[in-house]
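Colleague: Can you keep this structure in mind? I'll have questions shortly.
No value in this document is a laboratory result; all are computed from the given coordinates. Just so it is clear, the structure is predicted and the values come from calculations on it, not from any experiment. Ideal geometry is used to build each Cβ from the backbone, glycine not excepted, and the neighbour counts take in all protein chains shown.
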Amino acid sequence: MTLTELDHDAITRLHTEQQTAYADLKARGLKLDLTRGKPSAEQLDLSNALLTLPGTDYKDAAGVDCRNYGGIEGVTELRAIFAELLGVPVEQLIAGDNASLAIMHDTIAFALLKGFPESAGPWAAEKIKFICPVPGYDRHFSICEQYGIEMINVDLGEHGPDLDQVRELAKDPSVRGIWAVPTYANPSGSIYTEEVTRALVSLEAAAPDFRIFWDNAYAFHHLTETDAPVLDVLGLAAEAGHPDRVLIFASTSKITFAGAGVSFFASSPVNIAWYLGLLGKRTIGPNKINQLAHARYLGSADGVRELMAKHRAIIAPKFERAEQILHDRLDGHGVAAWTEPQGGYFISLDVVDGTATRVVQLAKEAGIVMTGAGSAFPYGKDPRDRNIRIAPTFPTLGDVEQAIDGLATCVLLAAAEQRLAG
Ligand code: PMP
């Protein structure tokens, strides 16, 4: 029976049971952390060969000495591998340093200071707004918040954002961008379909310099044997008459090393020239030694695919166990719904409205640290206080089991508390 169907006595009994379960949980003195989507040490170990590459053979295929300054667009052989994987022309893909988030930050900072090529002026000269599909990636929202870009929530479904809401908002000329994590979105696991993608690139935006921040952070991070396809979003945008609308970001953070990988930026020739012009004032060139090491280690697009299969073998069981425990503990109570992602790094758990903050607090007091409730929403505010992001990749399988089981107790206890109070 679901919680709403239980009478007062049954709720009281459930509450007492969960209080006992919670006391037992606390007594275990756990110290578990499911906060950030980080690869585990076992995953990082897969790429230890990088630590000795490129060795003393430090020239790239074109004979460039990668130890020296220059080559702002990055090492060509590595760009070629990721251009193939991302389905973009190699001339339109830049390889950078260790964080795609830094490129996202910089493109926004550059737009605020200078505007895009077709902008009337710097974005900072006006009050501007971004469309934020929710739940979403907290660090996207932090960039906007930092720079005073107003964020407007739209609902993110399994196949992408609510297009009616997006179309309506885009009629406002102060709306300049939308965040999109098109493949295995953080945290919902949503996969943007070709239909949704076509609609976004064709959108009638009032702002001529409207941009889609297409963060393909999890493009190759499959958890099943069915790979979500990488769409030719630049081609689709050009076909729709908006060739400069899309900015693509990706990185090897969850392919090789999360702190010492390589980032990528792809876009139209106009945007690439704009970006390189500004980037050239910021740096004389990226860490080409690391890029060369990556090119040698990964070898080819297939090399990346093989490596991703090894990641999957390590992390897929953690997702499966987490989902199984959620089913075993919560099915039938009507207190939660969760995603069963086909890829990426997260499970998105929705608990009873108004209880997510309480669940996260209960878990914390029992030694299970979850990402703060609301963190997947602009300004850290979940309007329904119901969403919790679960990041199962970093802990061991045993720790994932204990943490999710403990979390389930907290979900039930918080729901019973609310029903008793209400
Ligand atoms: N985008 C998304 C959607 C992410 O989830 C993450 C990492 N959590 C990043 C970007 C960060 O990427 P990078 O390490 O390349 O900065």
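Colleague: Give me a comma-separated list of calculated 3J(HN,Hα) values for the stretch 369-386, in order, Karplus coefficients 6.51, -1.76, 1.60 applied at θ = phi - 60°, integers in Hz, x for any Gly or Pro.
Modeller: 8, 9, 4, x, 4, x, 5, 8, 10, x, 6, x, 10, 8, x, 9, 6, 9
Colleague: Across the stretch 116-126, in residue order, what do the Karplus-derived ³J(HN,Hα) couplings come to in whole Hz, using 6.51 cos²θ - 1.76 cosθ + 1.60 with θ = phi - 60° and x for Gly and Pro?
Modeller: In residue order, the calculated couplings are 7, x, 8, 5, 6, x, x, 4, 5, 6, 10 Hz.
Colleague: If the reach is capped at under 22 angstrom between alpha carbons, list the lysines near K281, excluding any in the same chain fewer than eight residues apart.
Modeller: Qualifying lysines at Cα under 22 Å: K114.
Colleague: Mind running the shape call on the stretch 249-340? Use the C-alpha gyration tensor, a ≥ b ≥ c as the square roots of the eigenvalues: rounded below 1.5 for a/c, prolate if a/b tops b/c, oblate otherwise.
Modeller: Values: a/c = 3.49, a/b = 2.01, b/c = 1.74.
Prolate, because a/c is 1.5 or more and a/b exceeds b/c.
Colleague: Report for the chain the percent antiparallel among DSSP-assigned beta bridges with both residues inside it, nearest 5. Each step should come with its number before you reach the end.
Modeller: Values: 18 of 38 bridges.
The answer is about 45 percent antiparallel.
Colleague: Counting other C-beta atoms within 10 Å, and keeping those with at most 12, which DSSP coil trypsin sites (Lys or Arg not before Pro) do you find in the stretch 105-134?
Modeller: Numbers: sites: K114, K127, K129; in loops: K127.
Those satisfying the criteria are K127.
Colleague: To the nearest 20 debye, what is the magnitude of the charge dipole of the chain about its Cα centre, counting +1 on the Cβ of each Lys and Arg and -1 on the Cβ of each Asp and Glu? Provide the component values of the computation, followed by the final result.
Modeller: Working: 37 positive and 54 negative charges, 265 e Å.
Dipole size: approximately 1280 debye.
Colleague: Now, a different point. Could you size up the charge dipole of the stretch 57-299 around its Cα centre, putting +1 on the beta carbon of Lys and Arg and -1 on that of Asp and Glu, and report it in debye to the nearest 20? Please list the in-between numbers first.
Modeller: On the way: 18 positive and 30 negative charges, 174 e Å.
It works out to roughly 840 debye.
Colleague: Can you give me the long-range amide H partners of R211? Hydrogens built in the peptide plane at 1.01 Å from N, cutoff under 5 Å, separation of 5 or more residues or another chain.
Modeller: G177, I178
Colleague: Please name which of A293, A391, I325 has its Cα lying farthest along the dipole of the chain towards the positive end, using unit charges on Cβ (Lys, Arg +1; Asp, Glu -1) and the Cα centre as origin.
Modeller: My answer, from the dipole projection, is A293.
Colleague: How much length would be gained if the chain were fully extended between V90 and V270, taking 0.36 nm per residue of separation minus their Cα-Cα distance, in nm to one decimal?
Modeller: Between V90 and V270, full extension yields 63.4 nm more.
Colleague: Amide H neighbours of V369 under 5 Å, at least 5 residues apart or on other chains, H built in the peptide plane: list them.
Modeller: L32, D33, L34
Colleague: While we're here: Take the alpha carbon gyration tensor of the chain, find the square roots of its eigenvalues, order them as a ≥ b ≥ c, and report rounded if a/c is under 1.5; if not, report prolate when a/b exceeds b/c, else oblate.
Modeller: Note, shape of the chain comes out oblate.
Colleague: Same structure, new question: What aspartates and glutamates sit close enough to K381 to cross-link, taking a C-alpha to C-alpha distance under 12 Å and skipping anything fewer than 8 places away on the same chain?
Modeller: In chain and number order, the partners are D138.
Colleague: Stokes-Einstein D for the stretch 321-422 at 37 °C, 0.692 mPa s, Kirkwood Rh over Cα pairs, in µm²/s?
Modeller: 241
Colleague: I've got another one for you. After finding the eigenvalues of the alpha carbon gyration tensor for the stretch 211-285, what semi-axes result from the square roots of 5 times each, listed largest first in whole Å?
Modeller: 24, 21, 7
Colleague: Additional query: Starting from the Cα gyration tensor of the stretch 42-85, multiply each eigenvalue by 5, take the square root, and state the resulting semi-axes largest first in whole Å. Present the calculation step by step, with values, prior to reporting the outcome.
Modeller: On the way: eigenvalues 91, 52, 15 Å².
The equivalent ellipsoid of the stretch 42-85 has semi-axes of 21, 16, 9 Å.
Colleague: From the phi of every residue in the stretch 139-155, what ³J(HN,Hα) in whole Hz does the Karplus formula 6.51 cos²θ - 1.76 cosθ + 1.60 yield, where θ is phi - 60° and glycine or proline is x?
Modeller: These are the phi-based 3J(HN,Hα) values: 6, 4, 5, 5, 4, 4, 4, 3, 9, x, 7, 6, 10, 10, 6, 10, 6 Hz.
Colleague: Would you mind giving the average projected area, over all directions, of the Cα convex hull of the stretch 57-299 in nm² with one decimal?
Modeller: 12.4
Colleague: What is the fewest-to-most order of C144, C410 by other Cβ atoms lying within 10 Å of their Cβ? Walk me through the intermediate numbers first.
Modeller: Values: C144 20, C410 27.
Going from sparsest to densest Cβ surroundings: C144, C410.
Colleague: With respect to the cross-link table entries K31/K364; K38/K310; K38/K288, which display a Cα-Cα separation exceeding 20 Å?
Modeller: Beyond 20 Å: K38/K288.
Colleague: Using the Cα centre as the reference, give the magnitude of the dipole from point charges on the C-beta atoms of the stretch 1-118 (Lys, Arg: +1; Asp, Glu: -1; all else neutral), rounded to the nearest 20 debye. Numbers along the way, then the final one.
Modeller: On the way: 10 positive and 18 negative charges, 86 e Å.
Result for the stretch 1-118 is approximately 420 debye, rounded to the nearest 20.
Colleague: Here's a follow-up. Where both partners of a DSSP beta bridge lie in the stretch 57-299, what percent of those bridges are antiparallel, to the nearest 5?
Modeller: 35
Colleague: Starting from the 7 Å offset along Cα-to-Cβ, what nm value, one decimal, do you get for the label separation of I284 and E195?
Modeller: A separation of 5.4 nm, rounded to one decimal place.
Colleague: Note down, for the stretch 1-90, the three equivalent ellipsoid semi-axes (square root of 5 times each alpha carbon gyration tensor eigenvalue), biggest first, whole angstrom.
Modeller: Semi-axes (√(5λ), whole Å): 58, 20, 10.
Colleague: Hey, another quick one. How much net charge surrounds D33 when only other residues with a Cβ under 12 Å from its Cβ are counted (Lys, Arg +1; Asp, Glu -1)? Could the numbers behind the result be given before it?
Modeller: Details: positive: K31, R36, K38, K364; negative: D399.
Net of charged neighbours comes to +3.
Colleague: Hey, another quick one. For the chain, with the dipole built from +1 on Lys and Arg beta-carbon atoms and -1 on Asp and Glu ones, taken about the Cα centre, which of L44, L413, Y58 lies farthest toward the positive end?
Modeller: Y58
Colleague: Give the order of T393, T252, T2 when sorted by the count of other beta carbons within 10 angstrom, beginning with the fewest. Write down the numbers at each step before the final one.
Modeller: On the way: T393 23, T252 28, T2 10.
Lowest count first: T2, T393, T252.
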